[in-house]
Each structure stands twice: as structure tokens, then as C-alpha cells.
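The structure appears right after this line, and notes come after that.
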């Protein structure tokens, strides 16, 4: 027992004794005891120990690769030979000498601009119906949310391929009504439409966000409106929509960023080609083709950076434009 | 006079209640019908996985008659490599990813939300910026890095980044969640002499359980569905994950083996449904706090 306390005592006081032995003399400032100094040092270092995995990840597999890919976008690089500097050639070629690239930009823009607003409209509509205090809300919410979970899987893309094929489920249903179907995924006019439907089908996740936001709108606003004799439509226009607008913006930005990067459904439904006639050639699919089947890594890097800048621009525009329609409570 | 108005009121109220009950019934009918139409393709696929080809392409009804189990047997055999291998691979990748994200993201989230240190604001801004960064920008240099380490055809390129908290979404989720936990708890622990690690381990971590559950479930679902990264790094069919296995099966059998295809698709969705049923609460709260996409 005494030995134990002795040893602890010796341990905590030994650095000070060592100082004295070295003959530094008493410090004019009041010195903090060593244990406290150590604790302060530990407290300064501790945050970085927590952050260490993220810091390594950020520098080694995010920031570093980002800079490398920016450099590669100005080179000709096939992974077999060292990269060769070509200046802005890749960027120029993309916009002036690669009609397939412009097709992929067009397809992706249509996909984003059509599917995201439709998806959000469905999400909002269903959320409004569900928010009316119906029983079984959580059950409905789960059912409608389910497609969001599985929508990005290969399994669902496979199902889509069958459903919208020439003898698929959709045509069987149409046949029942006496309508002559066609191969929806084999027709360049409709193939993209099937993928848009797939994205709209996954309206569950923005819906859940809308539902959470609808719950936040204080009831007294509606009560006050009712007292003032404002109709339900009026209350929707002047209370619900403005109060919901920040979440609409949030969903819009989030879903657009996601839609720009969609890959799996287009790859599986078109068998990796982006066909027919480039009609499902999503941007990321073309990037994959160039980079990982054509081994034009420099060219693909330039594509990736344009995608990044495009997404950043669209997001910035959304924020800027939001001042005209988003209501902030302040 | 007063009784009359009272009566009028009660009459009006009961009429209103009746009206709203009718309207509720109408809403329910609409919601059920809509949900049914939405889920019909999935239900139909489940049924189709028990049908032979002729019935798959001629029946709108999901009910298989006769019930055929052959699809599952054929699909499980796969094309060359068995489907069991793919399931095992996916389970390893998803399991390790879950552990990695849990450990790394909770540590980073705690540091950002609770600790004071130099560069905190800058690093936090960097972390938030990576939320917007399309993964495709990093694809090629990361491939060079991992290929240089000889990690191609191993699970390391898919798993190691998770242990380095590159999924900023979950760091953000932790930060958001921690903001809702009163800092008095930390201070009380500090007064009692606990350092940051002790505070983290004994005070914060137990309170973070819901956020941890959300992270685990979402990580599992995302890595289970992930297609692009495994396609880049896993070229040997024996190392394929489930999505790659499904896709290769589709390539190999073309449009001829739909029954087996559907059977394996159903199996591949099984774990997702399982996690969905177990973790609904965490999924919806997770989405509501951060806006995660499922």
C-alpha cells in the first residue's frame, strides 16, 4: 500500500525534481505543476487524434487525388506511359470535336431537369396528403420510401430492363387495354423516359424530408389564418409554401447533385453502351467509357472537372435564385 | 337562442366530422392504390422469380402458377462463379465498411462538434465541401494510387477509405446529432477529471446510439448497392460483389434467363429489406436530420 502511493508520488513529482537537479533555478512565473502541463498538452493534441483518420483521408484520398486529376486533365495519359502535357486540348476537343460528349451532356441535362422537378412534385404532393393527420402515417411513409432504398441497385435496373422491354410487364398491361406497345428501352425516343420514371419512382427520400419539415410549421399560423377567414388554398399558398421553401431548396440541390452523377440504371439498362443512339448516355457513363474502357485517363479527368464545375455552378445558381422564392424566417 | 346556436354548432361539427371521415377514407383509398401501383413491379418480380420464362412474359399477375424453384437453383449456380461467393464478398465489403464508417466518422464528428483546436473552421469547411464533390473527380487518381499499392482485385480500395472517414455525409450526421446533445454533459465530465477520450467513450458515445445506427444502416445499404467502384477495382469474377455478379449474369445469359435473373435480384434485395424493416426509425430520422439520399 505504501509502496504504491510512494511510486505514484515519485512518478508525478519526478520531472520537477529533475528540473531542480539540472539547476534551472526557480522560475519567476508561477509554474503550473507538471501534471497539469501534461494535461494541457494532451488536451491540445487530443483533437487531432480524434481527427487523424479524417485528416489522412482528406489529404491522401481526397485533396491529393483532386489536384492530380486537375493536372491529368491537361495531359494525355493512358496509365501505360507517363502523362504528356497537352494544355487545354482535352477541354477544347470535348466541346468542339466530340459529338458523343455533347450528346451525353444533353442527355444528362434532360434527365436532371425533367426528373428532379417531377420527383420533388410527387414528394411534396404525397407529403401534403400524408400530413393531414391520417392514421397509419408511418406505414405509408415506409411504403413510399422503400423505392428510394432499392432504386439505385442493379436488381431494380434489371427489373426495369424487363418491364420496359418489348415483351415486358408494361406492354402486357397495355395489351390488356388493347394498346400496341413497343420496346421502350430499345427506342431512342423513349429510353431516357424509362430512366426518368425510375428516378421519379424514388421520390420517397425527399418526401420524408418534406414530412419532417411540415411538422415544424407551427399550428397557430393556420389557426390565425382560419380566424382571418383565409381559405385552405390561401393558407397553403401563404403559409405552407413559404414555410416549406427552404426545404424545397435543400431537396432541389441535393437531388440535382445526385441526378448529375446517376450511373447504375443507365449502365445496366443499356448494357453499358448508353444506347440506343446515345439516348441513355449519362455523363458519368461516358466518363467511365473513356477512362476505364478506353484508358483515356487525361480526357476522362477533364470530363470529371467539367462535371464538378457544372454541379458547382448549378448549385450556386440555385442558391442565388433562391432569394427570389425562398422565405427565411427572421 | 343560446341553445339553438349551440345545437347548430354541434350539428355543424358532426357534419364536418362525417365529411372529414369520408375525405379520410378517400385519402386512404388513394394512398393505398398509389402505393400498390408503386410497389407492383417489385411484387411482380418476386412472383416472376418463381415462374418459367413463358409465364414471365405472358402474365401481369404476380402469382406464380405453377410455382417453380428451378430459377433459384440455376441462378445460385451462376455463370462460372456461384452466387454464394458474391453474397459472401458483398457481406465482407459491407460489413467492413460499416465498421470503418462507424469508427472514423464518429471520431471526426466528435472533434468537429465538441473540441477546440487550430484549423477547426477551415477543416470543417473542407469537410462540407467534399459533400458536394462528385466522386468521379477522384476516380482516376484513386485508381492510380490503389493500383500502385497492388490493391486491385482486393476489397481494400472499397474498404480502407471508409476507415478514413471519406463519407463526409456521416461526419456531418454526427456533427448535427451532437449539436442536439447539451454541452453541460461534457463540462460535467471535465470537472470530474475526464479527458476528451474518457468523455467521448463514457459520455458521448452512449448518447450517439441512434446516429450510429443510422450510419450503420445507410452505409450497409449504400455499399451493398454500390456498382461503379467495385466494377473498377474488382476484375476477377471470384472477387465480384452482388451487383457485379448480377450484371455479369445479365451479360452472360442476355435476355434469355429472366427467371434466374429475377431470383438472384430478389435474393440481392433481401438484406436491404431486412435492414429496412429493422431500422425504419433510424432511416427516417437520419434522412430528416441531414437529408441523406437512400
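Quick rundown of the values:
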{"quantity": "Those residues of segment A:114-134 which are more than 8 Å from chain B (Cβ to nearest Cβ) and either exposed (fewer than 14 other Cβ atoms within 10 Å of the Cβ) or over 30 Å from residue A:287 (Cβ atoms) (or both), in sequence order", "calculated": "A:121, A:124, A:125, A:127, A:128, A:131, A:133"}
{"quantity": "Leading residue by the ranking (surrounded by the fewest Cβ atoms within 10 Å (Cβ to Cβ)) among those in segment B:166-189 that are part of a loop (DSSP other than H, G, I, E, B) and touching a residue at least 60 places away in the same chain (Cβ under 8 Å)", "calculated": "B:183"}
{"quantity": "Residue match in segment A:219-233 (condition: in contact (Cβ under 8 Å) with a residue 40 or more places away in the chain and surrounded by 15 or more Cβ atoms within 10 Å (Cβ to Cβ))", "calculated": "no"}
{"quantity": "Members of segment B:60-86 that are in contact (Cβ under 8 Å) with a residue 24 or more places away in the chain, in a helix (DSSP H, G or I) and either more than 13 Å from chain A (Cβ to nearest Cβ) or closer than 30 Å to residue A:43 by Cβ (or both)", "calculated": "B:70, B:71, B:72, B:74, B:76, B:85"}
{"quantity": "Some residue of segment A:299-320 being away from every other protein chain (no Cβ under 12 Å) and assigned to a helix (DSSP H, G or I)", "calculated": "yes"}
{"quantity": "Selection from segment A:140-168 of residues that are touching a residue at least 24 places away in the same chain (Cβ under 8 Å), within 7 Å of chain B (Cβ to nearest Cβ) and assigned to a loop (DSSP other than H, G, I, E, B)", "calculated": "A:152, A:153"}
{"quantity": "Matching entry among A:196, A:150, A:179, A:209 (being within 19 Å of the chain's Cα centre (by Cα) and over 30 Å from residue B:75 (Cβ atoms))", "calculated": "A:209"}
{"quantity": "Residues satisfying the stated conditions in segment B:74-96, i.e. loosely packed, with under 14 Cβ neighbours inside 10 Å and within 12 Å of residue B:267 (Cβ to Cβ)", "calculated": "B:84"}
{"quantity": "Filter result for residue A:294 (at pLDDT below 90 and more than 10 Å from chain B (Cβ to nearest Cβ))", "calculated": "no"}
{"quantity": "Segments classed as helices (runs of 4 or more DSSP H), wholly inside segment A:1-118, with at least 1 members that are within 30 Å of residue B:141 (Cβ to Cβ), in contact with a helix residue (DSSP H, G or I) (Cβ under 6 Å, 6 or more places away or on another chain) and modelled with pLDDT of 95 or more", "calculated": "A:34-56, A:64-72, A:89-96"}
{"quantity": "Some residue of segment A:47-55 being within 11 Å of chain B (Cβ to nearest Cβ), more than 29 Å from residue A:318 (Cβ to Cβ) and touching a strand residue (DSSP E or B) at 6+ places or on another chain (Cβ under 9 Å)", "calculated": "no"}
{"quantity": "Members of segment A:169-186 found to be within 8 Å of another protein chain (Cβ to nearest Cβ) and either part of a loop (DSSP other than H, G, I, E, B) or over 28 Å from residue B:273 (Cβ atoms) (or both), listed by number", "calculated": "A:176"}
{"quantity": "Some residue of segment A:94-115 being closer than 28 Å to residue B:22 by Cα and free of Cβ contacts under 8 Å to residues at least 12 places away in the same chain", "calculated": "no"}
{"quantity": "Test for residue B:36: is it surrounded by fewer than 18 Cβ atoms within 10 Å (Cβ to Cβ) and either more than 7 Å from every other protein chain (Cβ to nearest Cβ) or without any contact (Cβ under 8 Å) to a residue 24 or more places away in the chain (or both)", "calculated": "yes"}
{"quantity": "Residue satisfying all of: in segment A:189-208; within 10 Å of chain B (Cβ to nearest Cβ) and part of a loop (DSSP other than H, G, I, E, B); farthest from residue A:123 (Cα to Cα) among these", "calculated": "A:202"}
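The values are calculated or read from the model by the stated rules, or taken from the named source; none is laboratory data. Quantities reported herein were computed from a predicted structural model and do not represent experimental measurements. Ideal geometry is used to build each Cβ from the backbone, glycine not excepted, and the neighbour counts take in all protein chains shown.
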